[in-house]
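Asker: The structure's right below; bear with me while I get my questions together.
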Amino acid sequence: MSIIAFALLSIHFGIPVAYYAMLRRFVKRRVAPHEVISYPKIAIVIPTYNEAGLIEWKLDDVYKQDYPRDKMEVIIVDSASIDGTIDRAFEWHYRHPDLRLRIIQEPIRRGKAHALNAALKMLENDVDIIVITDVDSKWLDSNTLKKAVAYLLNPSIGAVSCVKSPIGESKGVEGVYRDFYNVLRIAESNAYSTPIFHGEFAAFKRELLEAIGGFPTDIGADDSHAATKVALMGYRAIVTDDIVCEELLPIKSYIQWRVRRAQHLIQHFIKSLRLLRKAPREFKPILLIEAYLHVFNPWILLGGLASYLASIALNPCLIMTIPLIIGLAFLSYPPFRTWVVMQFILMIASLRNLRTRELSWRKEAKALLSIFL
Ligand code: GDD
Ligand code: MN
């Protein structure tokens with residue numbers, strides 16, 4: 001194999017392996033929650049765009065939370081849905097009058113982050129914690145809010161998110177990807193903070209969300225970017241394994257969905273890199289390596305493969321093809337395959353970002369029906 005190909009492939013695989021090995025010691029070092037003596041007031045914000053099929057399912061999910069009713073309020077921010085989402089929400093509220101629910105209707109759709117910021121402007125004065133949750137997600141435990149509050153009462157913690165567990169047709173592939181990424185998120189959180197948050201459950205101290213100016217509207221991954229800015233302010237932004245969310249997967253267009261989300265993460269990391277010098281000492285390597293892994297590392301793989309194939313073409317011999325055969329055989333090993341697929345998704349996402357940022361994305365049908373029918 002040519003020296004260049006060997007060097008590039010070693011960098012591509014070596015950096016994440018070294019990072020993983022370095023973080024492993026943090027996996028078990030959990031952040032301790034505080035004891036909760038009095039419950040702070042929470043606003044749960046649900047952004048919706050054409051969610052008539054799922055909005056009642058999501059409201060039922062929030063309704064199951066064991067949290068003092070007078071200390072919680074749900075705010076739906078809808079961006080001009082045309083499928084009757086709002087009517088369903090009103091009907092649901094009529095049947096559950098004991099949960100405080102406000103519905104904000106935006107006259108035009110300007111994207112999820114705009115909608116979230118509209119909700120921030122409508123908060124009552126006594127709200128201390130804001131929880132963002134996507135309609136296509138379910139919180140596994142009725143104590144989710146209580147658990148998040150227990151972490152947020154720690155003065156050093158500014159934001160809390162969940163680990164994810166996928167449901168739906170592509171569960172196998174997504175499951176392998178999630179196992180690996182959940183471990184990374186937890187280890188980063190235990191080390192200091194993670195720069196990747198999840199829209200299925202993202203809780204913030206209100207004062208910090210206001211201090212960073214709300215959610216960014218020029219990029220996707222609004223949740224991850226807000227959490228990163230909280231971490232840049234010196235407060236920890238953590239994912240913890242006792243808060244678990246299930247996420248419905250799209251029935252079709254799984255790859256397109258992954259590409260869009262990768263586009264959003266890449267936008268977030270490019271924007272965050274400019275803020276790197278402000279990062280607290282413990283956060284700097286995490287942010288730098290995650291940005292590198294999402295933005296640059298996939299291209300190193302492509303460069304390595306291209307120079308390897310070029311060297312075979314220039315100098316065809318049997319021995320040179322052995323790494324190729326080993327590499328192809330390894331593709332049957334799911335974590336390796338998942339990794340390689342992710343690299344191509346990230347490259348496609350970078351290229352698509354040159355054309356569109358996908359800030360108001362197409363709504364995909366989710367797998368709820370296929371599980372319960
Ligand atoms: N109000 C409003 N306006 N809500 C919107 C809009 C909009 O323009 N676009 C989407 N939403 C709502 C959806 O109805 C849903 O409740 C939520 O935002 C997330 O939309 P999905 O279509 O499910 O997005 P996703 O699963 O691909 O991405 C989500 O997860 C990512 C990773 O956790 C989003 O929350 C991303 O922001 C997040 O980074
Ligand atoms: Mn979703």
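Asker: Could you grab me the full set of residues in segment 223-249 that are within 9 Å of ligand 1 (Cβ to nearest atom) and under 16 Å from Leu184 (Cβ atoms)?
Answerer: Matches in segment 223-249: Ser224 only.
Asker: What residue, of Arg88, Arg109, is open to solvent by 10 Å² or more (accessible area, probe 1.4 Å) and touching a helix residue (DSSP H, G or I) at 6+ places or on another chain (Cβ under 7 Å)?
Answerer: Arg88
Asker: As an exercise: evaluate Ile42 against (1) over 20 Å from the mean Cα position of the chain (by Cα); (2) in contact (Cβ under 8 Å) with a residue 60 or more places away in the chain; (3) surrounded by 21 or more Cβ atoms within 10 Å (Cβ to Cβ); (4) within 16 Å of ligand 2 (Cβ to nearest atom) and give the number of the one condition it does not meet.
Answerer: All conditions are met except number (4).
Asker: Among Ile300, Ile266, which is surrounded by 18 or more Cβ atoms within 10 Å (Cβ to Cβ) and under 20 Å from the mean Cα position of the chain (by Cα)?
Answerer: None of the others qualify; the one that does is Ile266.
Asker: List the strands (runs of 3 or more DSSP E) that sit entirely inside segment 46-156 and contain at least 3 residues that are modelled with pLDDT of 95 or more and within 12 Å of ligand 1 (Cβ to nearest atom).
Answerer: 72-79, 100-106
Asker: Can you find, within segment 113-138, the residue that is nearest to Leu209 (Cα to Cα) among those that are open to solvent by 10 Å² or more (accessible area, probe 1.4 Å) and within 14 Å of ligand 2 (Cβ to nearest atom)?
Answerer: Asp134
Asker: Sticking with this one: Of the residues in segment 157-172, how many are away from ligand 2 (no atom under 16 Å from the Cβ) and modelled with pLDDT under 95? Lay out the reasoning, then the answer.
Answerer: Going residue by residue through segment 157-172, those that are away from ligand 2 (no atom under 16 Å from the Cβ) are 157-160, 172.
After this cut, where a residue has to be modelled with pLDDT under 95 as well, the list is 172.
The qualifying residues number 1.
Asker: Could I ask something else about it? What is the residue count in segment 193-244 for residues that are free of Cβ contacts under 8 Å to residues at least 40 places away in the same chain and among the β-branched types (Val, Ile, Thr)?
Answerer: 1
Asker: In this structure, is Gln263 out of contact with any helix residue (DSSP H, G or I) (no Cβ under 9 Å at 6 or more places or on another chain) and either touching a residue at least 40 places away in the same chain (Cβ under 8 Å) or within 16 Å of ligand 2 (Cβ to nearest atom) (or both)?
Answerer: Criteria not met by Gln263.
Asker: Which of (1) surrounded by fewer than 16 Cβ atoms within 10 Å (Cβ to Cβ); (2) out of contact with any helix residue (DSSP H, G or I) (no Cβ under 6 Å at 6 or more places or on another chain); (3) outside any helix (DSSP H, G or I) does Arg29 not meet, given it meets every other one?
Answerer: If we test Arg29 against (1) surrounded by fewer than 16 Cβ atoms within 10 Å (Cβ to Cβ); (2) out of contact with any helix residue (DSSP H, G or I) (no Cβ under 6 Å at 6 or more places or on another chain); (3) outside any helix (DSSP H, G or I), just (2) comes out false.
Asker: Could you say whether any residue in segment 230-243 is of a type in the set (Gly, Ala, Ser) and surrounded by fewer than 18 Cβ atoms within 10 Å (Cβ to Cβ)?
Answerer: Yes, segment 230-243 has at least one match.
Asker: Name the residue, out of Ala227, Ala237, that is under 17 Å from Pro155 (Cα atoms), more than 15 Å from ligand 2 (Cβ to nearest atom), outside any helix (DSSP H, G or I) and modelled with pLDDT of 90 or more.
Answerer: Ala237
Asker: Scan segment 76-133 for residues that are touching a residue at least 40 places away in the same chain (Cβ under 8 Å), more than 13 Å from Ile44 (Cα to Cα) and among the charged types (D, E, K, R) and jot them down.
Answerer: Matches in segment 76-133: Arg109, Arg110, Lys112, Asp126.
Asker: Going residue by residue through segment 203-222, is there one that turns out to be more than 23 Å from Ile157 (Cβ to Cβ), modelled with pLDDT of 95 or more and either within 12 Å of ligand 1 (Cβ to nearest atom) or open to solvent by less than 10 Å² (accessible area, probe 1.4 Å) (or both)?
Answerer: The answer is yes, given that some residue of segment 203-222 is more than 23 Å from Ile157 (Cβ to Cβ), modelled with pLDDT of 95 or more and either within 12 Å of ligand 1 (Cβ to nearest atom) or open to solvent by less than 10 Å² (accessible area, probe 1.4 Å) (or both).
Asker: Among the residues of segment 337-366, count how many are of a type in the set (Gly, Ala, Ser), open to solvent by 40 Å² or more (accessible area, probe 1.4 Å) and in contact with a Phe, Trp or Tyr (Cβ under 9 Å, 6 or more places away or on another chain).
Answerer: Qualifying residue count, segment 337-366: 1.
The values are calculated or read from the model by the stated rules, or taken from the named source; none is laboratory data. What you see is a predicted model; the values in this text were computed from it and never measured. When we count neighbours, we look across all protein chains shown, and the Cβ atoms used for this are built from the backbone with ideal geometry, even at glycine. Side chains are part of the model used for accessible areas, which takes the heavy atoms of the whole protein and leaves out ligands, DNA and RNA. Shrake-Rupley method; radii C 1.70, N 1.55, O 1.52, S 1.80 Å.
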